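Asker: Got a structure here, written out as structure tokens. Questions coming.
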Amino acid sequence: MSKALIAHAPGGPEVLQWEDIETPAPGPGEVLLRQTAIGVNFIDIYQRSGLYPWATPTLIPGGEAAGVVEAVGDGVTDINPGDRVGYVTAGGAYREKRVLRAERLLHLPEGISDVTAAASLLKGMTVQYLVTACHAVKPGDRVLVHAAAGGVGLLLGQWLKALGAFAIGTAGSQEKVALALQHGYAHVINYSTQDFVPVVRDLTEDKGVVAVYDSVGQDTWAGSLKCLARRGIFVNFGQSSGLITGFSMGDLARGGSLSAIRPALFDYIATREELLERSADLFARLQDGTLQVPAPHTRPLRDAALVHADLEARRTTGATVLIP
Ligand code: NDP
């Protein structure tokens, strides 16, 4: 037996219950992991609340974690008990112990702690595919990023700067603006007090940006389109303010032959090769210092409901990591 945070019905943070669950022995091709650090992501909230429909009667949220291998099943050759590994999954991480397919695990390089891995695997590989696959960012590109002081936002700003882009961010308070400015953004707009559209048009001599990375969704999408240059791309990779409604293809024509994409990380790391390629890029940047994970807030795993409440109320910056 080990402990997990389980929801029996969709709802608020209070639906997460601290319960005993069976810990099966690893089957063929599987690994049993004792988890040491579990990352919190806004996606966990979409899962818990039911915005993302459940495929099972109960739900254990959580998409990224690190830990130590306790046992391996038949046929697992490249992972051994005692190895330090990390992973991203579509859910199920809020627990002490977990059985996983070996091919989804990543060995953690020296110098990358379990907490850093849990704070950056999902968010960092997201940033990696956003700036290489959704829009291949080039030196001098002007881009706009919403929620720049969030977990993804602070990594995205640094990565864009390393690529030589001129990154404009938005954030919901003066404290968040100051933090984002320390993480690669050339300019950050407090969109709680100011309309970001005229500021972006002004900062780009009315030319607009070539890409908008928008994870806020309903509250920002219309403004985001107005910030784009002719033939720019609207990358909507989340909806922390709610699902986008009212969008039509005609909006893209009116904006100047724009394109739009709604990507998800798991389509960019679907194969072992893609997972290894994107994680290697992330690890290299963490090791050479071009990407730094701001000291994550840590909380006991059992307190995940409190972290969810803070994240939903926009009280957090950067990443939070749960410790079993
Ligand atoms: P964040 O730390 O960025 O938290 C969300 C932020 O969104 C808040 O801090 C807040 O920042 C902003 N926000 C704006 N409006 C609201 C609102 N009404 N309610 C709550 N928050 C709001 O979270 P993550 O770093 O975990 O994730 C960022 C986004 O990226 C999420 O939308 C997530 O779903 C998405 N994502 C998508 C992936 C993909 O592959 N598609 C993969 C990983 C993440 P502020 O106060 O500054 O406005």
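The values are calculated or read from the model by the stated rules, or taken from the named source; none is laboratory data. Model, not experiment: these values are computed from the prediction. Positions of Cβ are generated from backbone atoms using ideal geometry, with glycine treated the same way; all protein chains shown enter the neighbour counts. The protein model used for the area step is the full one, side chains on, heavy atoms only, and it has no ligands, DNA or RNA in it. Shrake-Rupley method; radii C 1.70, N 1.55, O 1.52, S 1.80 Å.
Asker: Can you pull out the residues in region 299-314 that are open to solvent by 30 Å² or more (accessible area, probe 1.4 Å), under 17 Å from the mean Cα position of the chain (by Cα) and closer than 30 Å to residue 2 by Cβ?
Answerer: 310, 311, 312
Asker: Taking residue 35 and the conditions (1) out of contact with any helix residue (DSSP H, G or I) (no Cβ under 7 Å at 6 or more places or on another chain); (2) outside any strand (DSSP E or B), which numbered condition does it fall short on, given that it satisfies the others?
Answerer: Evaluating residue 35 over (1) out of contact with any helix residue (DSSP H, G or I) (no Cβ under 7 Å at 6 or more places or on another chain); (2) outside any strand (DSSP E or B) leaves (2) as the failure.
Asker: Specify which of the listed residues (121, 163) is more than 21 Å from residue 85 (Cβ to Cβ), modelled with pLDDT of 95 or more and among the aliphatic types (A, V, I, L, M). Quick ask: steps written out before the conclusion?
Answerer: On the way: 121 fails: more than 21 Å from residue 85 (Cβ to Cβ).
After applying the criteria, what remains is 163.
Asker: For the condition modelled with pLDDT of 95 or more, away from the ligand (no atom under 16 Å from the Cβ), of a type outside the set (Asp, Glu) and in a loop (DSSP other than H, G, I, E, B), what is the one hit in 67, 62, 75? Don't jump to the end; show me each part of the working.
Answerer: Working: 67 fails: in a loop (DSSP other than H, G, I, E, B); 62 fails: away from the ligand (no atom under 16 Å from the Cβ).
Of 67, 62, 75, the one residue that is modelled with pLDDT of 95 or more, away from the ligand (no atom under 16 Å from the Cβ), of a type outside the set (Asp, Glu) and in a loop (DSSP other than H, G, I, E, B) is 75.
Asker: Output the residue which, of all residues in region 209-237 that are in a loop (DSSP other than H, G, I, E, B) and surrounded by 22 or more Cβ atoms within 10 Å (Cβ to Cβ), is farthest from the chain's Cα centre (by Cα). Before you say what the answer is, go through the steps one by one.
Answerer: Kept after step one, since they are in a loop (DSSP other than H, G, I, E, B), are these residues of region 209-237: 215-220, 227, 237.
Now restrict to residues that are surrounded by 22 or more Cβ atoms within 10 Å (Cβ to Cβ): 215-216, 220, 227.
Working: 215: 10, 216: 13, 220: 18, 227: 23 Å.
Top of the filtered list is 227.
Asker: Then there's this: Where in region 239-324 are the helices (runs of 4 or more DSSP H), entirely inside, with at least 1 residues that are within 18 Å of residue 216 (Cβ to Cβ) and at pLDDT 95 or above?
Answerer: Values: elements: 249-254, 272-288, 304-312.
Once the helices (runs of 4 or more DSSP H) in region 239-324 are filtered for at least 1 residues that are within 18 Å of residue 216 (Cβ to Cβ) and at pLDDT 95 or above, what remains is 249-254, 304-312.
Asker: Could you please let me know if residue 25 is in a loop (DSSP other than H, G, I, E, B) and either within 16 Å of the ligand (Cβ to nearest atom) or within 22 Å of residue 6 (Cβ to Cβ) (or both)? Working first, answer last.
Answerer: Working: in a loop (DSSP other than H, G, I, E, B): yes; either within 16 Å of the ligand (Cβ to nearest atom) or within 22 Å of residue 6 (Cβ to Cβ) (or both): yes.
Yes; evaluated as a whole, the condition is true for this residue.
Asker: Take residue 188 and decide whether it is in contact with a Leu (Cβ under 9 Å, 6 or more places away or on another chain), farther than 24 Å from residue 315 by Cβ and crowded, with 23+ Cβ neighbours inside 10 Å.
Answerer: Details: in contact with a Leu (Cβ under 9 Å, 6 or more places away or on another chain): yes; farther than 24 Å from residue 315 by Cβ: no; crowded, with 23+ Cβ neighbours inside 10 Å: yes.
It is false that residue 188 is in contact with a Leu (Cβ under 9 Å, 6 or more places away or on another chain), farther than 24 Å from residue 315 by Cβ and crowded, with 23+ Cβ neighbours inside 10 Å.
Asker: Follow-up. May I ask you to list the residues in region 289-324 that are polar (S, T, N, Q) and either more than 15 Å from the ligand (Cβ to nearest atom) or within 15 Å of residue 64 (Cα to Cα) (or both)? Before the answer, list the steps.
Answerer: The initial filter retains those residues of region 289-324 that are polar (S, T, N, Q), namely 290, 292, 298, 316-317, 320.
Within region 289-324, 290, 292, 298, 320 qualify.
Asker: Go through the residues of region 125-146 one by one and say whether even a single one is within 15 Å of the ligand (Cβ to nearest atom), touching a strand residue (DSSP E or B) at 6+ places or on another chain (Cβ under 8 Å) and open to solvent by 10 Å² or more (accessible area, probe 1.4 Å). First the steps, then the outcome.
Answerer: Filtering region 125-146 for residues within 15 Å of the ligand (Cβ to nearest atom) gives 125-135, 144-146.
Those still in the list that are touching a strand residue (DSSP E or B) at 6+ places or on another chain (Cβ under 8 Å) too: 125, 130, 134-135, 144-146.
So of that shortlist, the ones also open to solvent by 10 Å² or more (accessible area, probe 1.4 Å) come out as 134-135.
Scanning region 125-146, I find at least one residue that is within 15 Å of the ligand (Cβ to nearest atom), touching a strand residue (DSSP E or B) at 6+ places or on another chain (Cβ under 8 Å) and open to solvent by 10 Å² or more (accessible area, probe 1.4 Å), so the answer is yes.
Asker: I want to confirm something. Restricting to region 93-108 and keeping residues that are open to solvent by 10 Å² or more (accessible area, probe 1.4 Å) and in a loop (DSSP other than H, G, I, E, B), which single residue is farthest from residue 63 (Cα to Cα)?
Answerer: Ranking the candidates gives 108 first.
Asker: Another question about this same structure. Looking for whichever is under 28 Å from residue 51 (Cβ atoms), under 23 Å from the mean Cα position of the chain (by Cα) and away from the ligand (no atom under 15 Å from the Cβ) here; the options are 259, 240. Which one fits? Lay out the reasoning, then the answer.
Answerer: Working: 240 fails: away from the ligand (no atom under 15 Å from the Cβ).
Matching residue, one of 259, 240: 259.
Asker: To continue, here is another question. How many residues are outside any helix (DSSP H, G or I) and touching a Leu at 6+ places or on another chain (Cβ under 8 Å) when one looks only at region 125-140?
Answerer: First pass over region 125-140, keeping only residues outside any helix (DSSP H, G or I): 135-140.
Remaining after also requiring touching a Leu at 6+ places or on another chain (Cβ under 8 Å): 137-139.
Adding up the residues that qualify gives 3.
Asker: Which one of 35, 47 is within 15 Å of the ligand (Cβ to nearest atom) and buried (at least 18 other Cβ atoms within 10 Å of the Cβ)?
Answerer: Working: 35 fails: within 15 Å of the ligand (Cβ to nearest atom).
Within the list 35, 47, the selection yields 47.
Asker: One residue is enough: does region 58-65 have a residue meeting the conditions open to solvent by 30 Å² or more (accessible area, probe 1.4 Å), of a type in the set (Asp, Glu), within 20 Å of residue 101 (Cβ to Cβ) and not assigned by TED's automatic domain parsing to the domain that holds residue 240?
Answerer: No: region 58-65 contains no residue that is open to solvent by 30 Å² or more (accessible area, probe 1.4 Å), of a type in the set (Asp, Glu), within 20 Å of residue 101 (Cβ to Cβ) and not assigned by TED's automatic domain parsing to the domain that holds residue 240.
Asker: In this structure, does residue 90 turn out to be without any contact (Cβ under 8 Å) to a residue 24 or more places away in the chain, within 19 Å of the chain's Cα centre (by Cα) and either more than 16 Å from the ligand (Cβ to nearest atom) or surrounded by fewer than 24 Cβ atoms within 10 Å (Cβ to Cβ) (or both)? Walk me through how you get there before you give the answer.
Answerer: Numbers: without any contact (Cβ under 8 Å) to a residue 24 or more places away in the chain: no; within 19 Å of the chain's Cα centre (by Cα): yes; either more than 16 Å from the ligand (Cβ to nearest atom) or surrounded by fewer than 24 Cβ atoms within 10 Å (Cβ to Cβ) (or both): yes.
The answer is no for residue 90.
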